Amino acid sequence: MAVTSEPRAQEGGAAPRHRSATRSLLRLWPYVRPVRMRLFGAAGVAVVASCMGLVIPLVLKWMVDGPVAHRDPGGVWLGGALLLALGTAEAALFGLRRWLVGRPLASVEAAMRADLYRHLQRLPVSFHDRWASGQLLSRATTDLMLLRMFLAFPLTFLVVNGVTILAGFAILLSQEWTLGLVLVVPAVPLVILCSLFEKRYATVARAVQDQTGDLTTVVEEGVLGVRIVKGFGRHRSQARAFRTLSQQVRSTELHKARLLATLWALIMTLPELAIGAALVLGTMRVADGELSAGTLVAFLSTALTLRWPVESLGFLLAMSQDAATATDRYFDVMDAEPATAADRPRPARPLRRGVEGEEGEGGGDSGGGEGGLRFEGVEFAYADAPPEEPPVLRGVDLHIRPGETMALVGATGSGKTTLTALVPRLQEITRGRITLDGRDITALPREELRALVAVAFEEPTLFSATAGENVLMGATDAGREELLRALKVAQADFVHALPEGTDTEVGEQGLSLSGGQRQRLALARAVVGGPRFLVLDDPLSALDVHTEALVEAALRQVLAATTALVVAHRPSTVLLADRVALLSEGRITAVGTHQRLLRESAEYRSLMSGQEREEGESSP
């Protein structure tokens, strides 16, 4: 499990050079639109609350120039009560703002996470082959949390603080325009600094979020592969790999912190210098009688009130850049379109032809009608394969008749698993077509296709659920009776001996069970719904000879009522089939019965020879 020093290129890498944070964040509008009234209401409430803070200096001016100057205790008490009322109202309004955004934004985050998960389920297997699971996990958790935080706080306060700053400077200039200009002067360098900061911070923010995704991948692989790590004594090397990537994330985070600290220091220093200069100049003018003490107090109070809106710009811009990066990473996945065969150019249908050793009976036989499972001129090449590399499958013609079981045999790397993955559209064909009872699979809705076709793979996958729930995933309308029947067919009666029977949790990846037990549960999941088409990729490879014989005996009853394609490596599995197809270098080179291929195909005899010695010549 190697650790790369750079974020994975296919997963976004660095931020685009000319990326606009605003344009990125605007892509969130479809999710925000349903709760826009609450957000607009919250922003309006926050603007009112913030502007109340600007009224307080005006009250202070009235108090200093009025009741204080005229020694009027009643006026001072009135002014104090007014200030208390304004402060209380401001706090209440800010509390109302938080209440307004809390529930809606939690709903936005949940909707985005649901859409992401739903989209991941629709994307082709090739997408998941390219992407590390940790990168996807970080997008579904950390990135969406950043977006919720941005919508709840920075988005609102970028608007609120902008309005507050404009209103505050309008008040300052109206009170004493000469002093107001002193405070306006730092605005020019601040705008330039923020522009430079945005560009540099965006790159670093993207890097750290991608590196965090890689770190998540390493942690996930270490946890799921803990048996391998311990079994081969690799815990130290794994710890070093984790430590190296952790140091990389730490270094990038520190770089990001240095950028933010520099910006924040400048944003805080320039306004403070301007306020100091205004204080000195204002004091001199009060001493000369050109300015009232109340006006100076109100001016400085207003300036101090504007400190937080101005100083928070760095913090808010940083969070906005983090959110824009999270948005880009989210839509990196959402923009990936599921590849469909219908989108690709399809050549004219090839002429039907027989295959070696079985004219009239092969995959491209001239008769047999349109029923069953048919491959016609099927080609498949991986999207990221070099152009000069030949396709994995080339011109595959094969017809599995209704109710027939076809065994698929071939050497390692010949494309057997790839061919079986094309039927439920886990991979999309490059050319040709596949039909089920005469219907092109690309014309079938995926839900209907996968209700017709059940699959079981050589490497079974179980989920963190009960044994019964894992089996019933194969048929949404199956009940207890179907569950027990499927367990019996797959010889998975061991489930009844578990602590809670079929209600026993099997743990993550089903690692609490043996390999053979997991494979039997996966087989039970494939047959529980009584599918019309069954695709089995060497489903008995992890079983002992005795259990395999029992499963095969029960499986014959299931195969008799379905159309099945079974990848086989053992003669005992081949004998379950009515016919056998030999796949060699991406082509079907022979189709026939087991006995006929043994007589006529040297390659088939070679593949079966390791087991034929054990089987002897018992076959007629």
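The values are calculated or read from the model by the stated rules, or taken from the named source; none is laboratory data. The shown structure was predicted, so the numbers you read here are calculated from the model rather than taken from an experiment. Heads up, the Cβs are rebuilt from the backbone with ideal geometry, glycines too, and the neighbour counts pull from every protein chain shown. Just so you know, the surface numbers come from the protein's heavy atoms only, side chains and all, with ligands and any DNA or RNA stripped out. Shrake-Rupley method; radii C 1.70, N 1.55, O 1.52, S 1.80 Å.
Of all residues in the stretch 264-275, which are aliphatic (A, V, I, L, M), within 16 Å of TRP308 (Cβ to Cβ) and touching a residue at least 60 places away in the same chain (Cβ under 8 Å)? Passing the criteria: ILE267, LEU270, ALA274, ILE275.
Here is a yes/no grid of residues against (1) closer than 27 Å to ASP335 by Cα; (2) surrounded by fewer than 16 Cβ atoms within 10 Å (Cβ to Cβ):
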site	(1), (2)
LEU93	no, no
ARG103	no, yes
ALA110	yes, yes
ASP115	yes, yes
LEU120	yes, no
ALA132	yes, no
LEU158	no, no
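Scanning the stretch 451-471 for any residue that is surrounded by fewer than 16 Cβ atoms within 10 Å (Cβ to Cβ), touching a residue at least 60 places away in the same chain (Cβ under 8 Å) and closer than 29 Å to ASP503 by Cβ turns up at least one such residue.
Select from the stretch 517-535 the residues that are more than 29 Å from the chain's Cα centre (by Cα) and open to solvent by 10 Å² or more (accessible area, probe 1.4 Å) and write down the one among them that is farthest from LEU565 (Cα to Cα).
Applying the first criterion (more than 29 Å from the chain's Cα centre (by Cα)) to the stretch 517-535 yields 517, 520, 524, 527-534.
Applying the additional criterion that residues be open to solvent by 10 Å² or more (accessible area, probe 1.4 Å) yields 517, 520, 529-532.
On the way: GLN517: 22, ARG520: 18, GLY529: 17, GLY530: 15, PRO531: 12, ARG532: 12 Å.
Only one residue fits best here, namely GLN517.
Can you confirm whether LEU296 is buried (at least 18 other Cβ atoms within 10 Å of the Cβ), outside any helix (DSSP H, G or I) and touching a residue at least 12 places away in the same chain (Cβ under 8 Å)?
So LEU296 fails the test.
Restricted to helices (runs of 4 or more DSSP H) entirely inside the stretch 63-175, those with at least 2 residues that are closer than 30 Å to THR430 by Cα and either at pLDDT below 80 or among the charged types (D, E, K, R) (or both) are 73-122, 125-130. Can you work out which of the residues in the stretch 1-26 that are modelled with pLDDT of 50 or more and farther than 30 Å from ALA167 by Cα is surrounded by the most Cβ atoms within 10 Å (Cβ to Cβ)? Here the answer is ARG19. Set side by side, the residues THR563, THR573 differ, and just one is of a type in the set (S, T, N, Q), within 20 Å of VAL396 (Cα to Cα) and at pLDDT 80 or above, which is THR563. For the stretch 402-435, a tally of residues being open to solvent by 10 Å² or more (accessible area, probe 1.4 Å) and in a helix (DSSP H, G or I) returns 4. Close Cβ contacts (under 7 Å, 6 or more residues apart or on different chains) running from residues in the stretch 579-596 that are without any contact (Cβ under 8 Å) to a residue 40 or more places away in the chain and under 16 Å from PHE375 (Cα atoms) to residues that are assigned to a strand (DSSP E or B) and of a type in the set (D, E, K, R) are absent. Being of a type in the set (Gly, Ala, Ser) and either part of a loop (DSSP other than H, G, I, E, B) or within 32 Å of the chain's Cα centre (by Cα) (or both) is the filter here; which residues of the stretch 372-392 pass it? Passing the criteria: GLY372, ALA381, ALA383, ALA385.
Residues PRO531, PRO499: which one is in contact with a Ser or Thr (Cβ under 7 Å, 6 or more places away or on another chain), at negative phi and outside any helix (DSSP H, G or I)?
Numbers: PRO499 fails: in contact with a Ser or Thr (Cβ under 7 Å, 6 or more places away or on another chain).
Answer to the check: PRO531.
Give the residues of the stretch 479-515 that are open to solvent by less than 20 Å² (accessible area, probe 1.4 Å) and modelled with pLDDT under 80, sorted by residue number. Listed by number, the residues that qualify are GLY510, LEU513. Picking from residues in the stretch 168-215 that are small (Gly, Ala, Ser) and crowded, with 17+ Cβ neighbours inside 10 Å, the one that is nearest to VAL48 (Cα to Cα) is GLY168. Here THR283, THR305, THR252, THR269 are screened, and the one residue that is among the hydroxyl-bearing types (Ser, Thr, Tyr), open to solvent by 40 Å² or more (accessible area, probe 1.4 Å) and over 19 Å from LEU172 (Cα atoms) is THR269.
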